[in-house]
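Report on the structure given below.
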Amino acid sequence: MSKVLEFPANRIAKGEHAYTPEMGQRKPNCQMRSQMCHYGNHYYIDTPLELKGRGIKHLKTLISDHLTASGQYMVGWHSYKVTTAAYDKLKTQYSISSERNLD
């Protein structure tokens, strides 16, 4: 299992930071984590930050029951559904980690 790099999230450069666990890359400690939807027309974002704006829809606040034992650090985080246009704007303001899997 890949571990989060121990580096303050607010000191990571703004933008999208992709990583591939199958290649031995570790997940960077960013302010947000994202996953593209199956069809590629929006993203799902998990973050401790509260987001608002056009193209951003709050889905839920994560609780202990929603998470595995290794994901308990995310209790209280928010899940959002974000359009690609809103995601492009968020990339200019925050550091975002994005897992890329090999197929």
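The numbers here are math on the coordinates, done by the rules we state, and not lab data. Keep in mind that this is a model prediction, so the values were computed, not measured. Please note: Cβ atoms are built from the backbone with ideal geometry, for glycine as well, and neighbour counts cover all protein chains shown.
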**Q.** MRE, 222 nm, helices only [DSSP H, n ≥ 4, -39500 (n - 2.57), over the chain, to nearest 500]
**A.** -3000 deg cm²/dmol
Q. Given H placed on each backbone N at 1.01 Å, which residues far from Lys27 in sequence or on other chains put an amide H within less than 5 Å of it?
A. Lys3, Leu5
**Q.** Cut-off under 5 Å, modelled amide H: who pairs with His78 long-range
**A.** Thr47, Leu49, Leu62
**Q.** Entries in Lys27/Lys60; Lys27/Lys57; Lys14/Lys52; Lys14/Lys89; Lys14/Lys57 that, when Cα-Cα distance is taken, lie over 20 Å
**A.** Lys27/Lys60; Lys27/Lys57; Lys14/Lys57
Q) With a sphere of radius 14 Å drawn around the Cβ of Arg54, what net charge do the other residues whose Cβ falls strictly inside it have (Lys, Arg +1; Asp, Glu -1)? A) +3
(Q) Along the Cα→Cβ direction, 7 angstrom out, place labels at Arg54 and Lys81. What is the inter-label distance in nm? (A) 2.0
Q. How far apart, in nm, are two points set 7 Å out from the Cα along the Cα-to-Cβ line at Thr92 and at Cys37?
A. 2.3
Q | Antiparallel bridges, percent of DSSP beta bridges restricted to the chain (to nearest 5) | A | 60
Q: Name the most mobile residue of Leu59, Leu67, Leu49, meaning the one with the largest mean-square fluctuation, in a Gaussian network model of the chain with Cα contacts below 10 Å.
A: Leu67
Q.
Once you keep just the Cα pairs under 8 angstrom separated by 6 or more residues, what percentage relative contact order results for the stretch 9-99?
A. 44
**Q.** Amide proton proximity set for Tyr94, modelled H, under 5 Å, gap of 5+
**A.** Gly15
